[in-house]
Amino acid sequence: MSTTSKIPLKDGVEGFVSDWSSDQRAFKGVPWGKAMMWIFLLSDTFIFSIFLISYMTARWSTVEPWPNTSEVFSLTVNGVSVPLLLIAIMTFILITSSGTMAMAVRSGYQKKRKQAGALLLLTAILGMSFVGMQMFEWSKLISEGIRPWENPFGARQFGSVFFMVTGFHGVHVSVGVLFLFLTSRKVFRGDYDTGRRGFFTWQKGRYEIIETLGLYWHFVDLVWVFIFAFFYLW
Amino acid sequence: MSESIIPESELEEVELYHAKSWWTEKVFTQDAKLIAIQYGLTAFAIGFVALVLSWFMRIQIAFPELSIISEGTYYQFITMHGMIMVVYLLTALFLGAFGNYMIPLMVGARDMVFPYLNMVSYWTYLVAVLVLFVSFFTPGGPTGAGWTLYPPQAILGGTPGQESGIILMLVSLCIFIVGFTMGGLNYVITILQARTRGMTLMRMPLTVWGIFTATVLALFAFPALFVSAVMMLFDKILLTSFFMPALVEFGENLTYGGGSPILFQHLFWFFGHPEVYIVALPAFGIVSDLISIHARKNIFGFRMMVWAIVGIGALSFIVWAHHMYVSGMNPYFGFFFATTTLIIAVPTALKVYNWILTLWKGNINLTIPMLFCLGFIVTFLNGGLTGLFLGNVIVDVPLSDTYFVVAHFHMVMGIAPVLVILGAIYHWFPLITGKMLHEGMGRFHFWVTFVGSYLIYFPMHYLGFIGVPRRYYEMGQTEALYTSSAADLNVFITLAALAVGFAQLVFIFNVFWSAKRGIIAEKNPWNATSLEWQTPEQPPIHGNFGKELPVVYRWAYDYSVPGAEDDYIPQDVPNEDVKLADGYSELGVEKT
Ligand code: HEM
Ligand SMILES: [Cu+2]
C-alpha cells in the first residue's frame, strides 16, 4: 500500500471541505493549546456578549433615568472636572500591554529567554496597574454612594450592571496577570529550554505557551474596548 | 469507501502520564476511560435520586388522600427531578461519560489532549453534584421554583427553598458549567486535532459526530445559563434588580424595581433549547451506529446524517422562544420562532427516515441494543410529532402548561435518550468490563422499560387535552375540572411508573452482578468495525492502542460488503488484507 503526504485536492467548496476534514488535524500546524484557547475564547465571547445584551435590556427596562456617564465617570483635577480621564488612562495602559505581550511572543519564538521574560513581566505589571486603577474607580463610585442595589444618580441598574460587568472583566485581567507572572518566572528559569515538567500537569512546556497566553490577553483587551464603548461613551 | 493513500503522521507521540501511586492511578486518574466511568457512576447515582423523587410525585398525584408529600415538597421534588435529569444526569452522561470513553478510542488517540484538565473537569462536576445534593438538607430545603427557575417567584418568599435552596442550585449550576467547559474543550480539540492517520472527519463514526456537535452547542449555550445564574444570584443576595420588577408582597413594597423577568426567560431558553439537542445529538449518533452494527448494514446516507447533525445544531440556536409563546412577548416573535421550529423538524425527520432505510432489508439481529434502538425510534417519532403541535403558536397556547407538555418532553428528551443510553450500555459493556450483561435480565429490563414508559406517557397526552395542568400536586375534587377518568388514569400511570422504576433496579443489579459474575465476552462480540473494538486488549488499557497507533483505511460502516468473507471490515484493515469470499477476485468484483 502506498503512503504519500500529497493528496490531490479538488477545487472549490468540495476541496475546502475535504481539506478541512482531512485526517489527523483540522487546523494544520496549530498546536493543541492554541486551538483550545481559541475555542475557549469563543465560548467566553458568548459570556461577555450576553452580559452586554443584558446590560442593554436593563437600560431599556428600567423606569428611572440613566445617570449621565460623563459626569459620573469624571475626575476632578485641580478643581476642574475632566470627564473620562481615568478611563482614558486605563484604556491606554491596557492597549499598551497588548503591545508588550505581542513583543513577548516574538522574543519567545526567537528563544530570547531573558527578553521574553522581561516583556511578560512588564505586561503583568501593566495589567496590575490597570486592576489597581479599576479598584480606585470602584472605591470612588462607592464613596459617592453607588452600590449594586442603589444609585443616588438615577437608575439602580447602573450600579448593578457596572460592578458586575467590570468586575467580571477585572477577574479576567487578574487571572491573566497571575498567569503572566507564572509564565515569566518559568521563562526566566529556562523551563521551556530544559523541558522541565509542570508542577500540576506534569507536561513539558514550550515557548508556544506564550502565544496561547497572548491570545487570552488580547481577548481581554478587546473585551475592554467594548465595555469602554458601551459603558462610558453611551 | 476505502482509500489507499494514507498521509504520513504529522503529530508526534505525546508522552502519557504515568501514575505514581494508587491514588493518582485510580482516584485522581488522568486516563479518559476511568474518568468516563467516574462521570458515569456519579451521574447514575444522582440520576437515581431523581428517579426516586418521581416515585414520590407519582404516588402523590395518584393518591392525594395519602398526602405522602406536602405541596411545597412536591414543587421541590419536580424542580430537583427536572434539573437533575436534564443537566446532571443526561448531559454529564452523554458528554462526560460517553464522550470521555468513546472519543479517544474511536478517533484513534491514546487519551484526551489535556488529561489533567480532564481530571479537574470530573472533580468539579462532582462538587457541583454535591452542592446540589446538600440543598436537600439545608433549612428550607431545595428550591421549588420549577426546573426553569423563572423569576420573580424563584427568589421570593412563598416559593419553597427560597432561604438557601435557590442559592445552592444557582451556585451548583455555575460550578457545573465551569467543570463542563474544561471537559468540553478537551473533547472538541481531541476530535479536531488529535485523530490518527487516515481518520478524516468524514470517516468518524456518527457517535463521535453527535458528541462533537453537542459539545460545541454546550460550549455556546451554557454561557447564557451561567450569566443568568450569576445575575439571579445577585438579585437574591445583593438585592439588585436585573430580573425583578417593582413588586408588592403581603401589602409591602419590595425593594426591587425596573428589572425584566422576560430577559431571564430569553436567556434561560437560549440555553434551554440547545440543551435539548445536547442530549439528543449524542443519542442520534449512538443510535445510528448501533443500528448499523446490529442490522449488519451500512448507515443509509452517512453524509446526509453528518450534515443533518450539524444543521440541527446550528438551527437549535434560533428556536428558543417557542418555549415562551405564553410569556407575553411580542406576537410577531411567535411567528418567527414557529417558522424556525418547523424548519428544524426537516433535518430531524430526515434522520428518522435514514434510520428506517438502514433497517430496510438489513439483517436485523434483535439483540438487546437493537431492541433499545427500535424503542428509541418509536418514542422519538412520537415525541417529535407532538413537538409539531407545540411548535405552532395557536395550538400551543391552550396546551401550554398541561400534561400534554409533560408527555411531549418526557417522550422526546426523557425516555428517548435514556433508551439510547441503556442500549449503548448493553452494547459497550463487554468493551468496558470484558463481561457480557445477563441476557435474560436485559430483555426483561427492555420490555418493562419500553412498554412501561409508553403506558406512563401515552395517556398523559389525553390528560393534557382535557386540560389537566402540569405542576399541580393535587387536582381537587370538582368533577367538571378533573374528571374521574383522569383520576383513574393517574392511578394507572403511577402503577406503570413504579413498574418502570422496579425494572431499573433490576438493571442496576444486572450491571454489578455481571461485572463480577457475567460470562467473559469474546473479543469484539458484535463484530463491529470501529476502532474501539480493535484494541489489542479488551478492555483497553492505559494508552488504548499498542505500540503503534492504528491507521484508518475506510469509514466505520463497511458491513456486508460484497466480496468480503466476513460481513464486516474493521476500519484499520486495508483492502489488500481483506479476506475475499469464494468466487470473488476483488472486493465487489466477481470472478469471471
Ligand atoms: C420513568 C421515569 C420518570 C418519571 C416517572 C417522571 C415523572 C415526572 C413527574 C411526575 C413530573 C412532574 C410533572 C408535573 O407535576 O408537572 C416530571 C417532571 C419533569 N421531568 Fe420527569 N419523570 C421521569 C423521567 C424523566 C427523565 C428521564 C427526564 C429527562 C429529561 C425528565 C425530565 C423532567 C422535567 C424537565 C420535568 C419538568 C419539571 C418542572 O416542571 O419543573 N423526567 N417527571
Ligand atoms: Cu425548544
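The values are calculated or read from the model by the stated rules, or taken from the named source; none is laboratory data. Keep in mind it's a predicted model, so treat the numbers as computed, not measured. For neighbour counting, all protein chains shown are included, and Cβ atoms are generated from backbone atoms with ideal geometry for every residue, glycine included. Accessible surface areas use protein heavy atoms only, side chains included; no ligands, DNA or RNA. Shrake-Rupley method; radii C 1.70, N 1.55, O 1.52, S 1.80 Å.
Tabulated results
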{"item": "Fluctuation leader among A:G176, A:G99, A:G108 - chain A, Gaussian network, Cα springs under 10 angstrom", "result": "A:G99"}
{"item": "Mean shadow area of the range B:170-221 over all directions, Cα convex hull, nm²", "result": "3.8"}
{"item": "Anisotropy class of the range A:149-221 from Cα gyration tensor, a/c 1.5 cut", "result": "prolate"}
{"item": "Viscosity 1.306 mPa s, temperature 10 °C, Stokes-Einstein D of the range B:318-474 from Kirkwood C-alpha radius, µm²/s", "result": "91"}
{"item": "Chain lengthening between B:Q477 and B:M304 when straightened (0.36 nm per residue, less Cα-Cα)", "result": "57.0 nm"}
{"item": "Nearest-20 debye value, the protein assembly as shown charge dipole, Cβ charges on Lys, Arg, Asp, Glu", "result": "1600"}
{"item": "Relative contact order of chain A, defined on C-alpha pairs under 8 angstrom at six or more residues apart (%)", "result": "25"}
{"item": "20 Å Cα-Cα reach of B:K351 towards lysines, excluding residues that sit fewer than 8 places from it in its own chain", "result": "B:K297, B:K361"}
{"item": "Accessible surface, 1.4 Å probe, highest first, among residues B:V171, B:V319, B:V248", "result": "B:V248, B:V171, B:V319"}
{"item": "Dipole axis of the range B:524-592 (+1 Lys, Arg; -1 Asp, Glu on Cβ), positive-most option in B:N527, B:A581, B:N544", "result": "B:N544"}
{"item": "Lys/Arg +1, Asp/Glu -1 at C-beta; the range B:27-204 dipole; positive extreme among B:M119, B:F133, B:T73", "result": "B:M119"}
{"item": "Rounded percent of accessible protein surface that carbon and sulfur make up, chain A, 1.4 Å probe", "result": "68"}
{"item": "Dimensions in Å of the protein assembly as shown - Rg and Dmax from alpha carbons", "result": "28.5, 102"}
{"item": "Relative contact order, percent, chain B [alpha-carbon distance under 8 Å, six or more residues apart]", "result": "16"}
{"item": "Net charge of Cβ neighbours under 10 Å - reference B:G146; Lys, Arg +1; Asp, Glu -1", "result": "+2"}
{"item": "Mean ellipticity per residue at 222 nm, deg cm²/dmol - from DSSP H runs of n ≥ 4 across chain B, formula -39500 (n - 2.57)", "result": "-19000 deg cm²/dmol"}
{"item": "Dipole magnitude of chain B about its Cα centre (Cβ charges: Lys, Arg +1; Asp, Glu -1), debye to nearest 20", "result": "360"}
{"item": "Overall dimensions of the range B:11-165 by Cα: Rg and Dmax, Å", "result": "19.5, 68"}
{"item": "Using a Förster distance of 45 Å, the FRET efficiency for A:R206-B:E576 (Cβ separation, nearest 0.05)", "result": "0.70"}
{"item": "Given charges at beta-carbon only (K, R positive; D, E negative), |dipole| of the range A:12-233 in Debye", "result": "1120"}
{"item": "Calculated FRET value between B:F502 and B:V378, using beta carbons and R₀ = 22 Å, to 0.05", "result": "0.50"}
{"item": "Largest-first ordering by accessible area, 1.4 Å probe, given options B:E8, B:E65", "result": "B:E65, B:E8"}
{"item": "Theoretical ellipticity at 222 nm over chain A - DSSP helices of four or more residues, -39500 (n - 2.57) apiece, nearest 500", "result": "-23000 deg cm²/dmol"}
{"item": "Long-range amide H partners of B:K435 with built H, under 5 Å", "result": "B:A521"}
{"item": "For chain B, the fraction of alpha-carbon pairs in successive 20 Å shells from zero, as %", "result": "19, 54, 23, 3, 0"}
{"item": "Extension gain (nm, one decimal) between B:N253 and B:E65, 0.36 nm per residue minus Cα-Cα", "result": "63.9 nm"}
{"item": "Surface accessible to a 1.4 Å probe, B:E13 within the full protein complex, Å²", "result": "110"}
{"item": "Sites B:S9 and B:I541, calculated FRET efficiency, Cβ-Cβ separation with R0 25 Å, nearest 0.05", "result": "0.70"}
{"item": "Convex hull per residue volume in Å³, alpha carbons only, for chain A", "result": "187"}
{"item": "In Å², nearest 10: area of A:H218 left accessible to a 1.4 Å probe", "result": "70"}
{"item": "Sites excluded, chymotrypsin sites (Phe, Trp or Tyr not before Pro) in DSSP loops with at most 12 other C-beta within 10 Å, longest stretch of chain B", "result": "B:1-249"}
{"item": "Degrees between helix A:156-189 axis and first principal axis of chain A (Cα, 0 to 90, nearest 10)", "result": "40"}
{"item": "Where the protein assembly as shown is the region considered: accessible area per residue in Å², 1.4 Å probe", "result": "41"}
{"item": "Added length on full extension, which subtracts the Cα-Cα distance from 0.36 nm per residue, B:S485 to B:W360", "result": "40.9 nm"}
{"item": "By accessible area with a 1.4 Å probe, ligands and nucleic acids excluded, highest first: order of B:I211, B:I167", "result": "B:I167, B:I211"}
{"item": "Interchain or long-range residues, amide H under 5 Å from A:S74's placed H", "result": "A:L84"}
{"item": "Spatially proximal lysines relative to A:K114 (Cα-Cα < 16 Å; intrachain offsets below 8 disregarded)", "result": "A:K186"}
{"item": "log10 of Debye I(q)/I(0), alpha-carbon scatterers only, for the range B:186-270 at 0.16, 0.20, 0.23 Å⁻¹", "result": "-0.71, -0.90, -1.04"}
{"item": "Interchain or long-range residues, amide H under 5 Å from B:Y584's placed H", "result": "B:K591"}
{"item": "Area projected by the alpha carbon convex hull of the range A:1-119, averaged over all directions, nm²", "result": "15.4"}
{"item": "Average projection area in nm² (convex hull over Cα atoms of the range B:323-384, one quarter of hull surface)", "result": "5.3"}
{"item": "Mean separation of Cα contacts under 8 Å (6+ apart) over length of the range B:29-113, as relative contact order %", "result": "48"}
